Structures are given as C-alpha cells and as structure tokens.
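The block underneath contains the structure these notes are about, expressed in structure tokens.
FYI, it's all coordinate maths here, none of it is from the lab. Given the structure is predicted, the values throughout are model-derived calculations rather than measurements. Using ideal geometry, Cβ is built from the backbone for each residue, glycine included, and neighbour counts are taken over all protein chains shown.
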Amino acid sequence: MKGYIRFFIKIYAFLILIDAILSYFPETMKHEWRRKIKKWSDITCDPIRKYLPVTLPVDLSPVIAVFFIFVFIEVFTYLW
C-alpha cells in the first residue's frame with residue numbers, strides 16, 4: 001500500500017515539473033491535455049504563489065512544491 005501512495009505522489013510531482021517546463025511554451029495552452037495538467041498542478045502551486053513576492057522574475061512555486069512533496073514522502077516513509 002505504501003508503495004502505491006508513494007508512486008502516485010511522485011507522479012504528481014512529475015506533473016508539476018512538466019507544467020513548469022510547458023509554461024515556457026504558451027502555444028500549448030490551446031490543448032485540452034495541457035489545461036488539465038495546469039489545473040492539477042495549480043492545486044498545489046497556487047497556495048505557495050500567494051506567499052511569494054510578485055517581483056520575482058521566475059515562478060519558484062513548482063520547485064518549492066516539489067521540494068515539499070519529496071520531504072513529505074521521506075517523512076511518510078520514515079513514520080510508516
């Protein structure tokens with residue numbers, strides 16, 4: 001059971017990174033699959049964006065989100 005949860009959390013972190021990379025290609029937003037990836041990654045990144053300064057030249061919320069996801073995986077693995 002623990003392996004499945006960890007697997008799906010890693011897939012979610014991978015989707016966040018894919019969204020961060022695809023954000024440099026705005027023409028992909030016209031595809032439905034791209035909007036779904038954006039929707040799923042924004043669930044985690046939007047709350048982080050509220051606490052980051054607007055003046056940053058790059059959106060660091062995906063990096064911070066993935067960092068916290070992997071910390072969560074390690075803590076979850078240690079406690080389970």
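Which links in LYS10/LYS30; LYS2/LYS39; LYS10/LYS39 stretch past 21 Å when you go from one Cα to the other? Before the final figure, lay out the partial values.
On the way: LYS10/LYS30 26 Å; LYS2/LYS39 26 Å; LYS10/LYS39 17 Å.
Too far apart for the 21 Å limit: LYS10/LYS30; LYS2/LYS39.
Assuming R0 = 22 Å, can you tell me the calculated FRET efficiency for the pair TRP40 and THR77, based on Cβ-Cβ distance, to the nearest 0.05? It would help to have the intermediate numbers written out before the result.
Details: r = 23 Å, r/R0 = 1.06.
Computed FRET efficiency for TRP40 and THR77: 0.40.
Pick out which of SER41, SER23, SER61 has the largest mean-square fluctuation in a Gaussian network model of the chain, springs linking Cα atoms closer than 10 Å.
Judging by the Gaussian network model, the answer is SER23.
Could you tell me how far the Cα centroid of the range 36-74 sits from the Cα centroid of the range 5-23, in Å?
11
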